[in-house]
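Let me give you the structure first, and then I'll get to my questions.
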Amino acid sequence: MYSTGYHDKGTPKVAGDNDVRNVTLEIDGQTITVPEGTSIMRAAALGDVNIPKLCATDTLKAFGSCRLCLVEIEGRRGFPASCTTLVADGLKVTTESPKLTALRRSVMELYLSDHPADCGSTSASRRCELHEMAGKLGVTESRYSLGGTQHLQSAKDESNPYFTFDQSECIVCSRCVRACDEVQGTFALTIQGRGFSSKVSASQNESFLASECVSCGACVEACPTGALGEKSLIQLGVPNKVTTTTCAYCGVGCSFNAESKDGEVVRMAPNRDGHANHGHACVKGRFAYGYATHGDRITTPMIRKSIDDPWQQVSWDEAIGHAASEFRRIQTKYGRDSIGGITSSRCTNEETFLVQKLVRAAFGNNNVDTCARVCHSPTGYGLKNTIGESAGTQAFDSVMKADVIVVVGANPTEGHPVFASQMKRRLRQGAKLIVIDPREIALVKTPHITADYHLPLRPGTNVALFNSLAHVVVTEGLTKDDYVADRCEVDSYDKWKAFVAEARNSPENTAASTGVKPELVRAVARLYATAGNGAIYYGLGVTEHSQGSTMVMCIANLAMATGNVGREGVGINPLRGQNNVQGSCDMGSFPHEFSGYRHVSDDATRTLFEKDWGVSLLAEPGLRIPNMFEAALDGSFMGMYIQGEDPAQSDPDTQHVTAAFKAMECVVVQDLFLNETAKYAHVFLPGSSFLEKDGTFTNAERRVSRVRKVMEPRAGFADWEVTMLLSNALGYPMHYRHPSEIMDEISRLTPTFGAFSYEKLDRLGSIQWPCTTEAPDGTPTMHVDHFVRGKGKFFVTEFVPTSERATRRYPLLLTTGRILSQYNVGAQTRRTMNTTWAAADVLEIHPHDAETRGIKTGDMVGLTSRSGEIVLPADVTDRVRPGVVYTTFHFPESGANVVTTENSDWATNCPEYKVTAVEIVKVTHPSAWQKRFHEFTEQQLRLLKGREATHA
Ligand code: SF4
Ligand code: SF4
Ligand code: SF4
Ligand code: FES
């Protein structure tokens, strides 16, 4: 029978168990000491005494329904359930006796009487704890089987693309219901009916697909029988290898046990020991890994003379040789600085480090940048300048100590779902919630949670709003002056205070810009400042603005002034989008910085790298991505190496970007698929998925976790090996035998990784940098006694409205975001069954704006900005406020970035994706292509509307 091999201790660990008093008791003669509040079942399991159980599992609170875990306690009457009975000093517990065995056997016979004898477990590909327990108890038959009414003919629900629900195997233990409530926080399942008629029901007796279920898989993971089971496990059979690795989708960085059979993934099981996810997952990491073996994968290198020629398959030697000779030819003709590279936030730290090393050491310039330029570069700038480190201040677990949670410009349930589940747990415990977003994101009203405040500000007015929050805090005397005096530059504080106290920054005076009622702003400022522990979580709705860096400073100013940095439960927490966007920044991907955010002009740092790398390095920063494109159009930048990115789809103002690519003479794209950028490439080098390599990713909480190879690279090489080949062909030798050797180099050249090694990582599971001799096991909370920069620095944050404003011609503001089932440009998720939930981008329009234009849900609408025009289907909803339209950017067909403008953050050039002035019109005569697109999206819109109707 299939087994996960995990030792389930039955009930969860006691929260904060290090601070809890210990209790000593005796279980089957063995003396056991555990934290107070531990169940007898868990205490026994810790002593390797495994009491039979069915309704208990250590990710869920004890429920006490199956009566299999009964024990005897000296001096107490009856047979208490060990999962719901807590330890106490001096207890003497017996877990095995003839009486207990008789009771358990009797209970087991009742279960078996209504469970298929030949359930999935007998095919060896399904786990069934019921049969496992029956085996342990020696029960093979049931006295109650004959003649009784049974559920064995119940219909299966196969609606979810990834898992089945077979009621005939269900023992109504409620583990799935509790997992959906407690772990995921979606509350999609109930037990309907009573007694014999009780059964698991999704929403109001719907199929799983039609219900609120978000396909996170928590119920499947919790199910002790095969009633809820992965289809892949049923199809592919028992895995024969388990590899612990890290999800390659979002910045939560969930840990998984990849269960594989002969090199093929059978199941991605969330790792209960994972420090970022504690055994939870979302639909992407848990199920959407099929892209790795998709038929669209390109596994042979290709070259072509011009982008109008067909691709020619060639050997690795020829492709690498061609790319290297072209780069050298271009440098000879146009100069050393005429080529550059883009590192990937999807690739590993080691791969990113190698690409920036290739650019600096082999290309001989600093023309390296990363896609973080277009998402979180303002985080780096804003946090480095105010508190001294370009990263979030907390661990995810810190949220469990927050009293007030501020979510600004982020949509965690869609973009960072596993962290959102943890945040929702804290909110259900009573923490207050403030949402600052133009759109009514799901968190504003979700089962058992209603935001205390939602400030639906106008896109582009974050800075004005935060200045007004600061105004209230300062003018009402809510600042923590002792904290500031102790930790911050007092001059800067005084200047900032004087600035925000000006009347023009009052909520009453900024309301005309922000559109937010002054009394709401005042209430929110008071709540955050007097919270006890106030924690701010933010996303791209903060950074992707012309004042992105200013807004990050606004957040840091407010957090410092209210004393909300430097301990658990508080902090400034950027929710990073891609799996390794933190890592790609840490590893020196920006043109002005080496790894660890040290400027290239710093002589001591540069000398360190020069000695290690055996080359002389430039002291001047290189070109940023937008500058590379500008230079290409000017004729001075002619070659680019792009690893694992798709700027032709992900960067703003697509026409400008593609014109720049067309102007280049050698574009080398390294990717899994022929992406949009590959249309402009001359060399295509096959990439490797996260399942095909070793390395590390760094998540949004600075947590570095191992990526481990599950299958051999389909094209023969992992991405880090391809970069080495290119470097060697360029005449700069690289000879690493394993990514651990690259990490050793990172460690010796980067102070924040000074005490880091693979050996330590394997031992500890994951490590949050800084990992130094002073903090050898890593640093969960930063800035504890003082800020990394010494004294925290306040910055005056003048609000400068974006030039992108609603006008008579373009009266609406377009803002963009993500959805749960798709990921970024969709290259991976579009090639999985996740298209069941979202097969196209749709445009959300407020009913008022829709009505005045005669637009209904499902209509195709043309959307025009001063940069371009796109067509996509409408979804009329009051999730957006009047005057604002919203779409995602996961599908090349809709080309959302065709309409975004060239506006960018003043400090970092991060594009202003979140504000584009547009007009929309109903398309009355769609083209043939648009009709096909429409049909494509109809099903999705039906699903969307159906759900809204159900849950209204
Ligand atoms: S589906 Fe599984 S977890 Fe849910 S009640 Fe049935 S047996 Fe228990
Ligand atoms: S998959 Fe997740 S959301 Fe869906 S029912 Fe199960 S636990 Fe709930
Ligand atoms: S929350 Fe993010 S890291 Fe975790 S499984 Fe989902 S996509 Fe992967
Ligand atoms: S495991 Fe304790 S009652 Fe079910």
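Give the residue from Gly364, Gly251, Gly858 lying farthest towards the positive end of the charge dipole for the chain; charges sit on Cβ (+1 for Lys and Arg, -1 for Asp and Glu) and the dipole is referred to the Cα centre.
The Cα lying farthest towards the positive end belongs to Gly858.
Got the relative contact order for the chain handy, in percent, Cα pairs under 8 Å and 6 or more residues apart?
13 percent
Through the Karplus equation 6.51 cos²θ - 1.76 cosθ + 1.60, θ set to phi - 60°, convert the phi angles of segment 596-613 into ³J(HN,Hα) values in whole Hz; use x for Gly and Pro.
Karplus-based 3J(HN,Hα) across segment 596-613 equals x, 6, 9, 5, 5, 7, 6, 4, 5, 5, 4, 4, 4, 5, 4, 5, 5, 8 Hz.
With θ set to phi - 60° and the Karplus curve 6.51 cos²θ - 1.76 cosθ + 1.60, what are the ³J(HN,Hα) couplings of segment 767-773 in order, to the nearest whole Hz, using x for Gly and Pro?
Residue by residue, segment 767-773 yields 9, 8, 6, x, 10, 10, 5 Hz.
Amide H neighbours of Gln768 under 5 Å, counting only residues 5+ apart in sequence or on other chains, H built in-plane at 1.01 Å?
HN-HN under 5 Å from Gln768: Val704, Thr779.
Measure nothing but the geometry: give the 0 to 90° angle between the long axis through the Cα atoms of 739-749 and the longest principal axis through the Cα atoms of the chain, rounded to 10°.
Helix 739-749 sits at roughly 60 degrees to that axis.
Okay, moving on. Projected area of segment 218-267, taken from the Cα convex hull and averaged over every viewing direction, in nm²? Could you put the intermediate results ahead of the total?
On the way: hull surface 16.1 nm².
If you wrap the Cα atoms of segment 218-267 in a convex hull and average its projections, you get 4.0 nm².
Something else about it: Determine the principal axes of the Cα atoms in segment 264-308, then give the extent along each, sorted from largest to smallest and rounded to whole angstroms.
50, 21, 15
Can you show me the helix-derived [θ] at 222 nm for the chain, built from DSSP H runs with n ≥ 4 at -39,500 (n - 2.57) apiece and divided by the number of residues, rounded to the nearest 500. Before the final figure, lay out each step's value.
On the way: 29 runs with 276 residues, N = 952.
Calculated mean residue ellipticity at 222 nm is -8500 deg cm²/dmol.
In whole angstrom, how far apart do the alpha carbon centroids of segment 608-667 and segment 152-222 sit?
Computed from Cα coordinates, the inter-centre distance equals 50 Å.
Any chance you could tell me what percent of the C-alpha pair distances in segment 1-122 go past 21 Å?
On the way: 3009 of 7381 pairs.
Looking at segment 1-122, the distances longer than 21 Å represent 41 percent of pairs.
Oh, and also: Provide, for q = 0.12, 0.15, 0.19 Å⁻¹, the log10 of I(q)/I(0) from a solvent-free Debye sum over equal Cα point scatterers in segment 475-580.
Taken in order of the listed q values, log10 I(q)/I(0) reads -0.45, -0.72, -1.17.
Hey, another quick one. Once label points are set 7 Å from the Cα along Cα→Cβ at both Thr864 and Ala501, what is their separation, rounded to one decimal in nm?
If labels sit at Thr864 and Ala501, their model points lie 5.1 nm apart.
Can you give me the distance in nm between label points at Thr94 and Arg567, each placed 7 Å from the Cα along the Cα-to-Cβ direction?
If labels sit at Thr94 and Arg567, their model points lie 5.0 nm apart.
What is the distance in Å between the Cα centres of segment 720-739 and segment 277-300?
28 Å
Let me ask another. Once a ≥ b ≥ c are taken as the square roots of the eigenvalues of the Cα gyration tensor of segment 391-539, is the result rounded (a/c under 1.5), prolate (a/b larger than b/c) or oblate (a/b not larger than b/c)? Provide the component values of the computation, followed by the final result.
On the way: a/c = 2.01, a/b = 1.34, b/c = 1.50.
Oblate shape, in that a/c is at least 1.5 and b/c is the bigger or equal ratio.
Sequence gap at least 6, Cα distance under 8 Å: using those rules, report the relative contact order of segment 650-699 to the nearest whole percent.
On the way: 40 pairs, mean separation 14.5, N = 50.
Once normalised by length, the contact order is 29 percent.
What's the whole-number percent of alpha carbon pairs in the chain lying beyond 40 angstrom? Could the numbers behind the result be given before it?
On the way: 192179 of 452676 pairs.
That tail contains 42 percent of the Cα-Cα pairs.
Take the alpha-carbon centre of segment 356-404, take the same for segment 827-858, and report the distance between them in whole Å.
Rounded to whole Å, the Cα centres lie 32 Å apart.
Run the simple label-point estimate for Asp634 and Arg808 please: 7 Å along Cα→C-beta, distance reported in nm.
Simple spin-label model gives 3.8 nm for this pair.
Oh, and also: Return one number: the angle in degrees, 0 to 90 and rounded to the nearest 10, between the long axis of the Cα atoms of helix 654-663 and the longest principal axis of the Cα atoms of the chain.
Helix 654-663 sits roughly 60 degrees off the main axis of the chain.
Three principal axis extents, largest first, for the C-alpha atoms of segment 330-425, in Å?
For segment 330-425, the Cα spread along each principal axis is 60, 27, 22 Å.
Going toward the positive end of the dipole of the chain, with +1 on Lys and Arg Cβ and -1 on Asp and Glu Cβ, which of Ser232, Ser390, Gln768 do you reach last?
Toward the positive end, the furthest listed residue is Ser232.
In Å², and per residue, what accessible area does the chain have when probed at 1.4 Å with the other protein chains present? The partial results should precede the final answer.
On the way: 33630 Å² over 952 residues.
Result: 35 Å² per residue.
Using modelled amide H (1.01 Å from N, peptide plane; none on Pro or chain starts), what sits under 5 Å from the amide H of Ile449, excluding residues fewer than 5 places away?
Amide H neighbours of Ile449: none.
So, one more: With r defined as the distance between the Cβ atoms of His448 and Ala15 and R0 fixed at 25 Å, what FRET efficiency is calculated, to the nearest 0.05? Intermediate values should be presented prior to the final figure.
On the way: r = 19 Å, r/R0 = 0.77.
Once the sixth-power term is evaluated, E becomes 0.85.
Here is a further query. Around Val23, which amide H atoms from residues at least 5 apart in sequence, or from another chain, sit under 5 Å from its own amide H, with H modelled in the peptide plane?
Answer set, sorted by chain and number: Val34, Glu36.
Among Cys55, Gly409, Val214, pick out the residue whose Cα is farthest towards the positive end of the charge dipole of the chain, where Lys and Arg carry +1 and Asp and Glu carry -1 on C-beta, about the Cα centre.
Positive-most Cα among the choices belongs to Cys55.
The values are calculated or read from the model by the stated rules, or taken from the named source; none is laboratory data. Since this is a predicted model, take the numbers as computed values, not measurements. Positions of Cβ are generated from backbone atoms using ideal geometry, with glycine treated the same way; all protein chains shown enter the neighbour counts. Note: accessible area is taken over every heavy atom of the protein model, side chains too, but ligands, DNA and RNA are not part of it. Shrake-Rupley method; radii C 1.70, N 1.55, O 1.52, S 1.80 Å.
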